[in-house]
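*Asks:* Right, I'll just put the structure down here and ask away after.
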Amino acid sequence: MFSVSLDRVRTVLCLGAHADDIEIGCGAALTELLARNRGEIDVHWVVFSAAERRRREALDAAERLLADARRRAVTVHDFRDTCFPFDGAMIKERFSELRGQVSPDAIFTHRREDLHQDHRLLAELTWCAFRDHLILEYEIPKYEGDLGHPNLFIPVSEAACRRKIDTLLDAFESQRAKPWFQADTFWSLLRLRGVECNSPTRFAEAFTVRKLLAS
């Protein structure tokens, strides 16, 4: 399997439609990246829909996962959940502002084929605003079963997996009643992606990368 290095990444932009999306999609990979480059990476973390209780949960989770970052900027918006396509113009304005604030080495965002309309719009706007950046589209397990066929895998340690899952279960109390929001859901996907890439750590998170400039 061909291998690329993320060692030169120093600024990361994490985009999530809802509170818990970033943590589910790339929480372990981000933890691994920050631990490997402790105190050397700046993280810009943007959640587009989280109000009241969900906002507090989002801020709590970001605090837990970004402890090893050099600098962190956490922004939480309150756009209407499930209504992003109808609020698209306003969300696009936030992306225009974001583009003027940060030029990241890597961007974590939703997958363009995601069946959730909010996720899909965010992915489309990411590509619209950041055309010349490394974009890693993460996956969110859900009822519709639209995980797809990722082509980039990041091996993650068991400790990184545990930190991700503990953060999800501890920080997002509002989600615990959902039957899929369980530790075994997250562990199973991490292990499956580890199998697919023959991860030396047994676990991995997987992403879709559509353009990669080799140098």
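The values are calculated or read from the model by the stated rules, or taken from the named source; none is laboratory data. No experiment lies behind these values; they were computed from the predicted model shown. Counting neighbours? That spans all protein chains shown, and the Cβs are built from the backbone with ideal geometry, glycine included. For the accessible areas, the whole protein counts, side chains as well, though only heavy atoms, and no ligand, DNA or RNA atoms are used. Shrake-Rupley method; radii C 1.70, N 1.55, O 1.52, S 1.80 Å.
*Asks:* Going by the conditions given, is Leu13 touching a Leu at 6+ places or on another chain (Cβ under 7 Å) and either at pLDDT 95 or above or among the aliphatic types (A, V, I, L, M) (or both)?
*Replies:* In short, no.
*Asks:* Restricting to region 65-86, give me the number of residues that are closer than 16 Å to Gly27 by Cβ and open to solvent by less than 60 Å² (accessible area, probe 1.4 Å).
*Replies:* 5
*Asks:* Filter region 8-36 for residues that are outside any helix (DSSP H, G or I) and of a type in the set (Val, Ile, Thr); which is farthest from Leu121 (Cα to Cα)?
*Replies:* Val9
For (1) in a loop (DSSP other than H, G, I, E, B); (2) among the aliphatic types (A, V, I, L, M); (3) open to solvent by less than 10 Å² (accessible area, probe 1.4 Å), each residue gets a yes or a no:
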site	(1), (2), (3)
Leu6	yes, yes, no
Arg38	yes, no, no
Val46	no, yes, yes
Asp60	no, no, no
Glu63	no, no, no
Gly88	no, no, no
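*Asks:* Right, another one. Being open to solvent by less than 80 Å² (accessible area, probe 1.4 Å), farther than 24 Å from Pro85 by Cβ and either in contact with a strand residue (DSSP E or B) (Cβ under 9 Å, 6 or more places away or on another chain) or not in a loop (DSSP other than H, G, I, E, B) (or both): is that true of Leu189 here?
*Replies:* yes
*Asks:* Which residues, taken from region 140-158, are out of contact with any Ser or Thr (no Cβ under 8 Å at 6 or more places or on another chain) and surrounded by 13 or more Cβ atoms within 10 Å (Cβ to Cβ)?
*Replies:* Result: Ile140, Lys142, Asp146, Leu147, Ile154.
*Asks:* Can Val46 be described as more than 14 Å from the chain's Cα centre (by Cα) and either within 26 Å of Val209 (Cβ to Cβ) or modelled with pLDDT of 95 or more (or both)?
*Replies:* no
*Asks:* Next question, about the same structure. Could you check region 159-186 and list, in sequence order, the residues that are within 11 Å of Thr31 (Cβ to Cβ), open to solvent by 50 Å² or more (accessible area, probe 1.4 Å) and among the basic types (Lys, Arg)?
*Replies:* Arg162, Arg163
*Asks:* On to the next question. Filter region 12-36 for residues that are touching an Asp or Glu at 6+ places or on another chain (Cβ under 7 Å) and either open to solvent by 30 Å² or more (accessible area, probe 1.4 Å) or small (Gly, Ala, Ser) (or both) and give the result.
*Replies:* Ala17, Ala19, Gly25, Ala28, Ala29, Ala35
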